[in-house]
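Below you'll find the structure, written out as structure tokens, and then a few comments.
The values are calculated or read from the model by the stated rules, or taken from the named source; none is laboratory data. Worth saying up front: this structure is predicted, and the values here are computed from it rather than measured. FYI the Cβ positions are ideal-geometry reconstructions off the backbone, even for glycines, and counts take in every protein chain you see. The area values use the complete protein model at the heavy-atom level, side chains included, leaving out ligands, DNA and RNA. Shrake-Rupley method; radii C 1.70, N 1.55, O 1.52, S 1.80 Å.
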Amino acid sequence: MCGIVGYIGQKNTKEILLEGLKELEYRGYDSAGIAVLSDGVFSSFKATGKLINLEEKTKDFTTDKFAVGIGHTRWATHGKPTELNAHPHVGENSYIVHNGIIENYAELKKALIDDGVTFLSQTDTEVIVHQFEKNLKDADDAFSAFKKTIAELEGAYAVLLVTKAENNKIFFAKHGSPMLVGINAQDEKYFASSDTPLIGHCTDVNYFEDGDYGYVSHGDILIFNKNNQQKQPHFVKLSANKLSAQKDGYCFFMEKEIYEQSNIIADTLLGRVTEKEIIFEELDTKLFEGINEIKLCACGTSYHAALTASYIFERYSKIKTSVEIASEFRYREPIMTKDTLFVAISQSGETADTLETLKMAKEASLKTLVICNVDNSSMVRLADATILMRAGVEKGVASTKAFATQVTVFWMLSLYLAKLKNSLTQEEIVHQLELLRAIPTSVKVENSMHERIKRLSKRYLHGHGFFFIGRDIFFPLALEGALKLKEISYLHAEGYPSGEMKHGPIALADPELFTIALLPEHLLYEKSKSNIEELSARDSTICAISPIAFEKADDFIQTKKQKDYMLEFFEIMVVVQLLSFEISMRLGNDVDMPRNLAKSVTVE
Ligand code: G6P
């Protein structure tokens, strides 16, 4: 998804912008660009593809004195990923970068064309810079023109604009897309669409609120709110810890992130699991007073974690639970009653569809909880309460450790609620707590297991489709396994409930249909086995993942004996993650940045 950086200061602006964009790379993008204004002269560069192309184009360009600069990584929405469509977009004397979507761009564009303006790109963004320059002609100063322009925009945006009309300022506006400004002792000012580019450069940051706009110069930060009232920046400390993970010898971040799940989950559990109970210091039990139902809402992998949660909330906490895909929930005029706790799940906390459903729940006066990985993200700031997943920065676009920590949090939450609602005996809770503490061991990657999967993967590079099948919580895991494979191998895969195959998909069964069967020992083993046998009888190629040898399978990945199906869930999760990873590696794909995908989808 698009990323924004900006800088005002004396240092090498180009380097700072490129370094900042590098930190945003993991979000997914298809072109990038920068514009630097120094001594009243603009220098702008754009390139399609990876940042290295932009680095190459800018290699002879440096700035060694005061300059203002903006940069952008673009994930195409309006118009193809071409150089012309890459940001920054130019008017006569100004450049702009933008995240989000301008919904009324077509009408603004038409009026500008009627006025004789020529457009270079197919983007919605370009209208903003031309509209600004049009307004500048009749305005007293650049800020008045900028203010007028912003008031004319509909949609979602985070915008930075630099102009020769006032060549020491960066104008900004935020509405629906994240943006922050950071400062340091050297009086430099940094902008970005998320924390990471600022870490190591800034000590304090101000997160803009929806409706904020203003400008930043060398000495000043001027912010106005949506009611046009000036407000003081609200600075908070930025962690000095350089979170930008290195690959630690792994070929891809995804592999590293699969391997680190054991340590990461230990962090998620830290201080929250005692001998007797689950403690969430961040939660007030009042949040659950008067609650008779939980509604979980999310997208993508987070949706699969939510589906998993729905089984264990009903099973352990005995609370009615429903799950919603955020983009569907938004427009289906849902009935929301105040005895429902609305839970949004999002690794990034910025996914536009999920964020909107959270706003809907707030508007309907529901109590809200967010399960999120990014503190200070939009969702965290909006919700009544938050549980942080503590997964660390996840760089692989295909989510792995975030999913693992989401399910861990949900398991803990189901026991927390079970205690509140007396739905499990203390003895049962203590037993579950013991199991929880075993997750880090269950997700440790054994060399022999990885080697086996690596070897097997070569047989699964073709075929006319994959079915990942499972029952109960292994059904959402099957969905997640199929999603992983699709995302990074570009092979067609579906997740399906094992018992549902006979109601249609079994018609596809032949040796070129690959069934990845999730077959845990401790949950509906016999039932699942029969379903797999039905497929095997019709000659589908079966790869079974189970602790119990299964002679009807063509391939077999043996997992360890676990005490409980929840621990089997975590171990099998690692197996399906590694299987997708190895298939993608063999196909020679860019595992961390798969085509067409973005890490954080901040448009609907
Ligand atoms: C994108 C990512 C997925 C992710 C989904 C939801 O589609 O590519 O990996 O699961 O967004 O993201 P969230 O940050 O809300 O969990």
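For the chain, take the longest principal axis of its alpha carbons; what is the angle in degrees between that and the long axis of helix 401-421, to the nearest 10 within 0 to 90?
70
Distance from the Cα centre of region 1-67 to that of region 399-413, in angstrom?
Between the Cα centre of region 1-67 and that of region 399-413, the gap is 36 Å.
Less than 13 Å Cβ to Cβ from Phe467, Lys/Arg counted +1 and Asp/Glu -1: what total charge do the surrounding residues give?
-2
Would you mind putting 460-473, 477-490 in packing order, based on average other-beta-carbon counts within 10 Å, highest first?
The packing order, highest mean first, is 477-490, 460-473.
For region 254-441, rounded, prolate or oblate, judged on the Cα gyration tensor with a ≥ b ≥ c (square roots of eigenvalues), a/c < 1.5 rounded, else prolate if a/b > b/c?
In terms of gyration-tensor shape, oblate.
If I take R0 = 56 Å and measure r between the Cβ atoms of Lys80 and Ala185 in this structure, what FRET efficiency does the formula 1/(1 + (r/R0)^6) give, to the nearest 0.05?
0.80
Run the accessible area of region 491-604 with a 1.4 Å probe and give the carbon-and-sulfur part as a rounded percent.
With neighbouring chains kept in place, the figure for region 491-604 is 50 percent.
When the chain is fully extended, how far beyond the present Cα-Cα distance does Lys65 get from Ala266, taking 0.36 nm per residue of separation?
67.6 nm
What's the magnitude of the charge dipole for region 3-246 around its Cα centre, counting Lys and Arg as +1 and Asp and Glu as -1 at the beta-carbon? Answer in Debye, nearest 20.
The dipole magnitude comes to about 360 debye.
If you stretched the chain out fully between Ala106 and His234, how much longer would it get, using 0.36 nm times the residue separation minus the C-alpha to C-alpha distance?
42.5 nm
Order 533-544, 130-141, 29-40, 149-160 from most to least packed using the mean count of other Cβ atoms within 10 Å.
29-40, 149-160, 533-544, 130-141
Around Asn104, under 10 Å between beta carbons, what's the net of Lys plus Arg minus Asp minus Glu among the other residues?
Once all neighbours under 10 Å are counted, the net charge is -4.
Based on Cβ point charges of +1 for Lys and Arg and -1 for Asp and Glu, what charge dipole magnitude is obtained for the chain about its Cα centre, in debye rounded to the nearest 20?
With only Lys, Arg, Asp and Glu charged at Cβ, the dipole is about 560 debye.
Return the distance in nm (one decimal) between the two label points of a simple spin-label model at Lys137 and Glu428, each offset 7 Å from Cα along Cα→Cβ.
Placing both labels 7 Å along Cα→Cβ, they lie 7.4 nm apart.
Sort region 31-137 into rounded, prolate or oblate with this rule: let a ≥ b ≥ c be the square roots of the eigenvalues of the Cα gyration tensor; rounded if a/c is under 1.5, and if a/c is not under 1.5, prolate when a/b is larger than b/c, oblate otherwise.
oblate
Among Met379, Leu535, His72, flag the residue with its Cα farthest along the positive direction of the charge dipole of the chain, charges on Cβ as +1 for Lys/Arg and -1 for Asp/Glu.
About the Cα centre, the residue reaching furthest to the positive side is Leu535.
In terms of the Cα gyration tensor, with a ≥ b ≥ c the square roots of its eigenvalues, is region 444-520 rounded because a/c is under 1.5, prolate because a/b exceeds b/c, or oblate?
Oblate.
Taking amide H atoms as placed 1.01 Å from N in the peptide plane, list the residues 5 or more away in sequence, or in a different chain, whose amide H sits under 5 Å from that of Lys189.
Residues meeting the amide H criterion: Ile8.
Towards the positive end of the charge dipole of region 44-186, with charges on Cβ (+1 Lys, Arg; -1 Asp, Glu), say which of Thr118, Leu108, Asn85 has the farthest Cα.
Working it through, the farthest residue towards the positive pole turns out to be Asn85.
Using the beta-carbon distance between His522 and Ser365 and R0 = 35 Å, what value does 1/(1 + (r/R0)^6) give for FRET efficiency, to the nearest 0.05?
0.25
Select from Ile488, Gly499, Met566 the residue farthest towards the positive end of the dipole of region 445-586; place +1 on Cβ of Lys and Arg, -1 on Cβ of Asp and Glu, and compute about the Cα centre.
Working it through, the farthest residue towards the positive pole turns out to be Ile488.
Could you state the number of Å between the C-alpha centres of region 447-461 and region 535-571?
If we compute the Cα centre of each part, the gap is 15 Å.
Rounded to the nearest 0.05, what FRET efficiency is calculated for Asn225 and Thr441 with R0 set to 41 Å and r the Cβ-Cβ distance?
0.20
Rounded to the nearest Å, what's the spacing between the alpha carbon centres of region 265-299 and region 469-485? Just the number, please.
24
Among 516-523, 201-208, how do they line up by average Cβ neighbours within 10 Å per residue, starting with the highest?
516-523, 201-208
Return the distance in nm (one decimal) between the two label points of a simple spin-label model at Lys276 and Lys458, each offset 7 Å from Cα along Cα→Cβ.
The two pseudo-label positions are separated by 5.8 nm.
So if I place +1 on the C-beta of Lys and Arg and -1 on the C-beta of Asp and Glu, and nothing else carries charge, what would the dipole magnitude of region 445-586 be about its Cα centre? I want it in debye, nearest 20.
The calculated dipole for region 445-586 is roughly 260 debye.
In whole percent, and with a 1.4 Å probe on the protein chains, what portion of the accessible area of region 219-312 is carbon and sulfur?
47
So, counting K/R as plus one and D/E as minus one, what does the shell of residues with Cβ under 12 Å around Lys169 add up to?
For residues surrounding Lys169, the net value is -1.
Can you tell me the accessible area per residue over region 3-246, all protein chains present, probe 1.4 angstrom, in square angstrom?
Ligands and nucleic acids excluded, the result is 40 Å² per residue.
Pairs of Cα atoms under 8 Å, at least six residues apart: use those to get the relative contact order of the chain, whole percent.
In percent, rounded to a whole number, it is 11.
Chymotrypsin sites (Phe, Trp or Tyr not before Pro) within region 307-356: which are DSSP loop residues with at most 14 other Cβ atoms inside 10 Å?
Qualifying residues, ordered by number: Tyr331.
For Phe119 and Arg586, calculate 0.36 nm times their separation in residues minus their Cα-Cα distance, and state this gained length in nm to one decimal.
Full-extension gain reported as 163.8 nm.
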